[in-house]
């Protein structure tokens, strides 16, 4: 039987049990139905892992190491960053989950003119915490070892003054690119040679505003289309990442 996975930033060591974080304790007991003595695989989200047993002490649950593992290289994590306009609840949650499964390294939520989610009402940190929890649950389910990092939401214009993509190819998936004879993303990828870092920018459900389009047209972006069909924003994100992932996996194999 394959052990269930638990996420804990600090791994237990010999003679050094670690208390299970409250959120993981709730998940382990109420969702996974684990009990005292059960063996789990503990991930720290940075690529390190050990096997440990659960030990109940009063209301607390501790992890006691059973087996150390050699450092593991998570080859499925690719240097792909998705710059995704913030979508409504279910669409955003689904997109985050799929980005984790497809090996995306970093997700940047983008605030746009047509964004329907009012981030400022609850505060960005509330959304960021929820999104990271969704990503971490997906990590455990798909067998990934390293967390997908979700950055704090940025305004669109902030993307182009940040040093985060200095050495990356930057794709702008533009739904109007087809009618203007733009290059299909699959063809664009074949021209990238030995490039290994990619950013892909996916717009909001309501499309880009005219001001945003004018700003984007002035940036050093590879403006590409995703085919002749009109895709929902979450579909566009998964489709573009799948093509980039497939290109890198094929080239690296």
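We did not get these values from a lab; they are worked out from the coordinates using the rules stated. Because the structure is a prediction, the values reported are computed rather than measured. Here the Cβ positions follow ideal geometry from the backbone for every residue, glycine too, while neighbour counts run over all protein chains shown.
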_Residue order, fewest to most beta carbons within 10 Å, for 161, 108, 119_ = 161, 119, 108
*Candidates 144, 218, 155, ranked by Gaussian network fluctuation over the chain, Cα under 10 Å, top entry*: 218
*Difference of contour (0.36 nm per residue) and Cα-Cα distance, residue 120 to residue 158*: 12.0 nm
_Per-residue counts of other Cβ atoms within 10 Å, averaged by peptide: what ranking do you get for 95-106, 231-242, highest first?_
95-106, 231-242
_residue 56 paired with residue 2, simple spin-label distance in nm, labels 7 Å along Cα-to-beta-carbon_ = 2.7 nm
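So for the chain: antiparallel DSSP bridges make up what percent, rounded to the nearest 5? All intermediate terms of the calculation are to be shown ahead of the outcome.
Numbers: 17 of 44 bridges.
Here the antiparallel bridges make up roughly 40 percent for the chain.
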_Mean separation of Cα contacts under 8 Å, 6 or more apart, over the residue count of region 160-253: relative contact order %_ = 43 percent
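Using the number of other C-beta atoms within 10 angstrom as an exposure proxy, rank 115, 69 with the fewest first. Intermediate values should be presented prior to the final figure.
Details: 115 20, 69 12.
Least crowded to most crowded, the residues run 69, 115.
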*On a 0 to 90 degree scale, rounded to 10, what angle separates helix 233-252 from the longest Cα axis of the chain?*
80 degrees
*Computed FRET efficiency, Cβ-Cβ of residue 30 and residue 197, R0 45 Å: what is it to the nearest 0.05?*
0.70
_Whole-angstrom gap from region 186-234 to region 3-32, using each part's C-alpha centre_ = 40 Å
*Over the chain, calculate the relative contact order: mean separation of alpha carbon pairs under 8 Å at least 6 apart, over the residue count, as a percent.*
19 percent
*By count of other Cβ within 10 Å, fewest leading, how are 11, 166 ordered?*
166, 11
*Please report, to one decimal in angstroms, the Kirkwood hydrodynamic radius of region 80-252 built from all distinct Cα-Cα pairs.*
16.3 Å
*What percent does the relative contact order of region 41-157 come to when contacts are Cα pairs within less than 8 Å and at least six residues apart?*
28 percent
